[in-house]
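Colleague: One structure coming up, written as structure tokens, with questions to follow.
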Amino acid sequence: MEFEAVIGLEIHVELNCATKLFCDCPNNPGDDPNINTCPVCLWYPGTAPRLSGAALEKAALLCLGLNAELQPKSAFDQKVYYYPDLPKGYQLSQAHLPLARGGWVDITDEDGSPKRLRIHHIHMEEDVAKLVHEMEGRTPISLVDFNRAGVPLVEIVTEPDFRTPHHAMEFLKALRTQVRYVGSSECSMENGTMRADANISIRPKGDDRMNTKVEVKNMNSVRHVGDAIAYELSRQSAVVRAGESVVLHTRLWDPDKKVTLPMRQKFEGPCVPDPCVPVIELSPEEVETLRARLPEMPAVRAERFVRQYGLSPEEATYLSSDPETAGYFEELIRAGAQNRAAMHWLTTQLLPALRERRQDLSRTPVTPERLAALLEMLTKDEINANAARDVLSCMFDSSDAPQDIVKAKGLGQVSDTGALESMIDQVLSVQASAVADFKNGQGKALGFLIGQIMQASGGKANPKVIRALLTQRLSL
Amino acid sequence: MNNIFSYRNPSISEGADGLLAGMKIALQSSIAVAGWPMEAGSEALEGFKALEDAAVVERLKQNGAVISGLTHTSEFGFGINGSSGAGRAVEQKEADAEIMLDLAGEARLAAGRAGLWGFKPSWGLIPRLGVAGLIPSMEVCGILAKTPGDIRAVIKGIAGAEDRDFSQPDLDFSDDALEDLQPKKMTVGIIEESLSALSASERNAFDEEVDELTQTGFSVKFFSWPDYALCLVVHKVVGSVEASSAVGRYDSVRFGKRVPGAKNWNEMYLQSRGASFGILVKSYLMQGAYFQFERYDAYEHACRIRSRLVKDARRLETQADALVFPVQKAVPTDTSETLDGFYEQFTHTAHANITGWPAMTVPPSAAGRPGLQLVGALQADAQLIALGDYLFQKRRGGK
């Protein structure tokens, strides 16, 4: 029997607000333990939660960026459970009236066809404190760090539309791109600002029933999500083939052993409307005001890049997948760079160089204006590509204009035929065997000779001119 | 003194100038005064000292009042049992007014017992910030004083929106535009269903109190509110659910009584909470947890019924200038620590906590009578106090 998978995701995204959700403490969970706390997020007697307007705004923009419908009325509930990571015995979350319903993310399926994956709802909630388990001598101890308590989260719950690990991974990548576009979160699974849990069940292909699902947690990269789902599908298929049934429970992904392992179920209590956080009401006008603040979203931008700059769909999608890269690309063009050159130099030279230097586009000294000036010299044959690469690497450490760097380093391209002729004479006189090879029909020898002449020029010769001169000389 | 205060202001000064200059105010120990114990009558807060002044305390101090001390209170201000000293501070001239939580009618009943005027403002009129509460959607700081005038002065000093508490509605207290009260043009309403639970003698006493109103010139009209009795049921269900969550923060980790010897955190929570909470609160929490975990549907019904009752209340309050309710039934003392006993005590006051109404207890017009309770329209606190003040002046032979 052939099985098909039914997969739904629950994704937690940590909003990049300056403060926590219900107080003014800094939203920096990584700081020294328990630095970012106050009577409100420690829930001392008499304190009142104050819902952060900034968090609500970022959450709402995130919803709109995922095509979800903001609800006119949403409210917080108390998810009641007693655990040391909760200073008040309940977590504030939106269980009954979520901030938004519906929404979708479009991806490309493995066969290249477009696929729409639907979102069920999106709600806000506060994060809980972090428990750190350590040994004090031989005694196991648990420490509580409240820096994370009250950090604003958004949970995205999808429909069970996913059938393959590919769907889940592409969904997460597209979601990450869209959320970065609206500026609500970095969505880094590695840094924990995005966490995905998967609900997975299987059924005979063609069946439309929903069978018992297993929840899998603890995947901290997009690839892990794919691997964990693939593992879980083969595990469940084996269980069913062995004549047993799948049991409802939660499993943890073990990235080292590449398996999912059962975990002890954490007790889940009821959800009761919270009487202290006011109900959130959004008028149609307020929703439209928010919508007007949405940037051009990645899919729309990629289409425009194809139309406007003649990029291939792949190139356009790649550039649009990060708002800063896309923005830099357009600034480069505005500063005078040609479309192809801009695309090529940004993706093959600047981005790898930035990664090597651990810099990012927003803070690099290689501004679009400076890079455009460099590319202009290249187009005008004032320098060759080799020299341009050298100049680029200097531009990271110098604020001089690219033109000045070229002058100072003497990298200006030699196109003067007289100067080049004498270099050619010199090289041909010592490379007689290569000349002979070429004359015997070995075309490769020409490249070798050009390389020798380039070297003799200190990399400054114009390779096009050399090729022309050399071909002329050798064909005599 | 010790039968009144659990903590006395160690450095009583003259107080500053202001609206409340010269007034001495006693507070329930659920209200935070920076650096003072804030035990709210519970061992769950044993040893806890307030970090900051409650919004109410800040305003009292700004207006020149002097805080005389913290009065003995029942646990979390829930109920008025033997250990509660509510009303005694004013009765024994240790304070001009006392501020205490009114969750089901505590401030009103305590005032009645001490022969004082007791006022429960509209829900949300007084900031709750800095008050260790139990039922957020129902509780409000009540005021006990010898005269409605003193109550008005205190309300003027402490009422109004608090921008650090978003749950508080944007209400203001102002009696500047009130016209002189004319009883002959006014109607007080009586809810027929509120009288059905009274014994013959209780009914007699109530009628005698109402007679005082009619002799003053008010006309009396009877109204029917078929669901009146549901107010108490809704209070029981919704109140206990909110309470169960509200005290979830008392876990003996950061403060409060901790039972030693537990093997793990869960045992420590269970044993410490078990040892900290008193019998009445514990019963209430158990009941709330039951509705949360086992009968959520019943809780949802109660919430729905509550919104219906609130609609009823908005309609009723437009049909008379004030409503009159009996104050309480006589309750045998041996049931005061049970939930049944508790709710019997608050049979005729809990509706105001459900609906948000302002309500005021009028001391008995003569010895041996129970007094009565006046209820005004939501947010018409100033009018209700003016009505009380009129009756007060009348009794003193004025007007």
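The values are calculated or read from the model by the stated rules, or taken from the named source; none is laboratory data. Since the structure is predicted, the reported quantities are computational estimates derived from the model, not experimental observations. When we count neighbours, we look across all protein chains shown, and the Cβ atoms used for this are built from the backbone with ideal geometry, even at glycine.
Colleague: So which residues in the stretch A:32-62 are among the hydrophobic types (A, V, I, L, M, F, W, C), in contact (Cβ under 8 Å) with a residue 60 or more places away in the chain and either within 16 Å of A:HIS123 (Cβ to Cβ) or touching a helix residue (DSSP H, G or I) at 6+ places or on another chain (Cβ under 9 Å) (or both), if there are any at all?
Modeller: Those that are among the hydrophobic types (A, V, I, L, M, F, W, C), in contact (Cβ under 8 Å) with a residue 60 or more places away in the chain and either within 16 Å of A:HIS123 (Cβ to Cβ) or touching a helix residue (DSSP H, G or I) at 6+ places or on another chain (Cβ under 9 Å) (or both): A:ILE35, A:CYS41, A:LEU42, A:LEU51, A:ALA55, A:LEU56, A:ALA59, A:ALA60, A:LEU61, A:LEU62.
Colleague: Can you pull out the residues in the stretch B:237-265 that are more than 28 Å from the chain's Cα centre (by Cα) and at the interface with another protein chain (Cβ under 8 Å from one of its Cβ atoms)?
Modeller: B:VAL253, B:ARG254, B:TRP265
Colleague: Further question: Count, please, the residues in the stretch A:183-221 that happen to be surrounded by fewer than 21 Cβ atoms within 10 Å (Cβ to Cβ) and not in a strand (DSSP E or B).
Modeller: Summing the residues that are surrounded by fewer than 21 Cβ atoms within 10 Å (Cβ to Cβ) and not in a strand (DSSP E or B) in the stretch A:183-221 gives 19.
Colleague: I'd like the full set of residues that are in a loop (DSSP other than H, G, I, E, B) and out of contact with any Asp or Glu (no Cβ under 9 Å at 6 or more places or on another chain), limited to the stretch B:168-185.
Modeller: The answer is B:PRO169, B:ASP170, B:ASP172, B:SER174, B:ASP176, B:ALA177, B:LEU178, B:GLU179, B:ASP180, B:GLN182.
Colleague: Could you list all residues from the stretch A:34-65 that are buried (at least 24 other Cβ atoms within 10 Å of the Cβ), assigned to a loop (DSSP other than H, G, I, E, B) and more than 9 Å from chain B (Cβ to nearest Cβ)?
Modeller: Correct list: A:ASN36, A:CYS41.
Colleague: Out of everything in the stretch B:93-135 that is surrounded by fewer than 24 Cβ atoms within 10 Å (Cβ to Cβ) and acidic (Asp, Glu), what residue ends up being nearest to B:ILE155 (Cα to Cα)?
Modeller: Result: B:ASP96.
Colleague: What number of residues within the stretch A:432-456 are in a loop (DSSP other than H, G, I, E, B) and within 43 Å of the chain's Cα centre (by Cα)?
Modeller: Number of matching residues: 0.
Colleague: Can you name every one of the helices (runs of 4 or more DSSP H) wholly within the stretch B:225-306 that holds 1 or more residues which are without any contact (Cβ under 8 Å) to a residue 24 or more places away in the chain and surrounded by 14 or more Cβ atoms within 10 Å (Cβ to Cβ)?
Modeller: Those helices (runs of 4 or more DSSP H) span B:265-276, B:279-293.
Colleague: Go through (1) surrounded by fewer than 19 Cβ atoms within 10 Å (Cβ to Cβ); (2) over 28 Å from A:ASN462 (Cβ atoms) and name the single condition A:ASN339 misses.
Modeller: Unmet condition: (2).
Every residue, every condition in (1) closer than 30 Å to A:VAL216 by Cβ; (2) in the same structural domain as A:LEU371 (by TED's automatic domain parsing); (3) of a type in the set (Val, Ile, Thr); (4) in contact with a Phe, Trp or Tyr (Cβ under 8 Å, 6 or more places away or on another chain), yes or no:
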| site | (1), (2), (3), (4) |
| --- | --- |
| A:LEU248 | yes, no, no, no |
| A:ARG251 | yes, no, no, no |
| A:ASP256 | yes, no, no, no |
| A:VAL272 | yes, no, yes, yes |
| A:SER312 | no, yes, no, no |
| A:ALA326 | no, yes, no, yes |
| A:GLU331 | no, yes, no, no |
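Colleague: Among the residues of the stretch B:103-138, what is the count of those that are within 14 Å of another protein chain (Cβ to nearest Cβ) and aliphatic (A, V, I, L, M)?
Modeller: 8
Colleague: Return the residues of the stretch A:49-94 that are of a type in the set (Gly, Ala, Ser) and modelled with pLDDT under 95; say none if nothing qualifies.
Modeller: A:GLY89
Colleague: Let me ask something additional. Taking only the stretch A:395-416 into account, find how many residues are in a helix (DSSP H, G or I) and farther than 12 Å from A:LEU350 by Cα.
Modeller: Adding up the residues that qualify gives 8.
Colleague: Shifting gears a bit: Filter the stretch A:108-134 down to the residues that are outside any strand (DSSP E or B) and farther than 24 Å from A:LYS79 by Cα and list them by number.
Modeller: If the condition is that a residue be outside any strand (DSSP E or B) and farther than 24 Å from A:LYS79 by Cα, then A:ASP109, A:GLU110, A:ASP111, A:GLY112, A:SER113 are the ones that fit.
Colleague: Mind counting the residues in the stretch B:139-167 that are under 16 Å from B:VAL57 (Cα atoms) and within 14 Å of chain A (Cβ to nearest Cβ)?
Modeller: The number of residues fulfilling the criteria is 7.
Colleague: Still on this model: I'm trying to understand the selection: among the residues of the stretch B:307-328, which are more than 14 Å from chain A (Cβ to nearest Cβ) and without any contact (Cβ under 8 Å) to a residue 40 or more places away in the chain?
Modeller: Correct list: B:LYS311, B:ARG315.
Colleague: Of all residues in the stretch A:66-116 being among the hydroxyl-bearing types (Ser, Thr, Tyr) and within 14 Å of chain B (Cβ to nearest Cβ), which is surrounded by the most Cβ atoms within 10 Å (Cβ to Cβ)?
Modeller: If we take residues in the stretch A:66-116 being among the hydroxyl-bearing types (Ser, Thr, Tyr) and within 14 Å of chain B (Cβ to nearest Cβ), then A:TYR90 is surrounded by the most Cβ atoms within 10 Å (Cβ to Cβ).
Colleague: Looking at (1) in a loop (DSSP other than H, G, I, E, B); (2) of a type in the set (Asp, Glu); (3) surrounded by 12 or more Cβ atoms within 10 Å (Cβ to Cβ), which one does B:GLU209 not meet, given that it meets all the others?
Modeller: For B:GLU209, the exception is condition (1).
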